[in-house]
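First the structure, in the form of structure tokens, and then the observations on it.
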Amino acid sequence: MKRALLIVDVQNDFCPGGALAVKDGDKAVEVINRLIPRFEVVVASKDWHPAQSVHFDKWPVHCVANTAGADFHPLLQTGNIGQVFRKGTDNKDDGYSAFEATNLSLADYLRERKVEELYVCGLATDYCVKASALDALSLGFRTVVITDAVAAVNARPGDDIRALEEMRNRGVALVSAAEIPE
């Protein structure tokens, strides 16, 4: 079964010091970097919001297109990322799921490469990781979330646990990085 790694939104604004920092978001980068060489297909998503967006009615302004906050975390090893999928590009759209990308279809990209199994990691567990994983599952991909390669916003304490439980209950497999075969 051909597998791929999806790195969700490991961007400066979601890491410590960023506009919408996720606690320990930068710690996921270390694990992700160790995972990248294990996959033939590696893709990533980026929040890529316009400066004016309804999304910012709910959240602080973050990951505005072409800003330093929208750049990948500087320690993320991006050399093996085959394609970056930009989401949230419409001023009327939240764009939580990587499958909502507007520059290219993630589902088509994966299918063209005969991917059947998608491993998901990145930021944030309770929003974009969850939305991406559930969309992948609904599109027929066997979906796995790497629990030690994600971090959550936790707007409400325990949102991370609830998100993981919801994903597992809907059919997403949950594994640690150590459980992923080389």
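The values are calculated or read from the model by the stated rules, or taken from the named source; none is laboratory data. Predicted, not measured: the structure shown is a model, and the values here were computed from it. Cβ atoms come from the backbone with ideal geometry, glycine included; neighbour counts cover every protein chain shown.
Here are the numbers for this structure:
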{"quantity": "The range 89-128, residues that are at positive phi and either at pLDDT 95 or above or out of contact with any strand residue (DSSP E or B) (no Cβ under 7 Å at 6 or more places or on another chain) (or both)", "calculated": "114, 122"}
{"quantity": "Qualifying residues in the range 112-144 (those that are hydroxyl-bearing (Ser, Thr, Tyr) and buried (at least 18 other Cβ atoms within 10 Å of the Cβ)) - the one nearest to residue 178 (Cα to Cα)", "calculated": "119"}
{"quantity": "Flag if residue 47 is out of contact with any Pro (no Cβ under 7 Å at 6 or more places or on another chain) and acidic (Asp, Glu)", "calculated": "yes"}
{"quantity": "Test: residue in the range 164-174 that is among the β-branched types (Val, Ile, Thr), in a strand (DSSP E or B) and over 24 Å from residue 12 (Cα atoms)", "calculated": "no"}
{"quantity": "Search result, residues across the range 145-159 that are surrounded by fewer than 19 Cβ atoms within 10 Å (Cβ to Cβ), closer than 19 Å to residue 30 by Cα and touching a residue at least 40 places away in the same chain (Cβ under 8 Å)", "calculated": "148"}
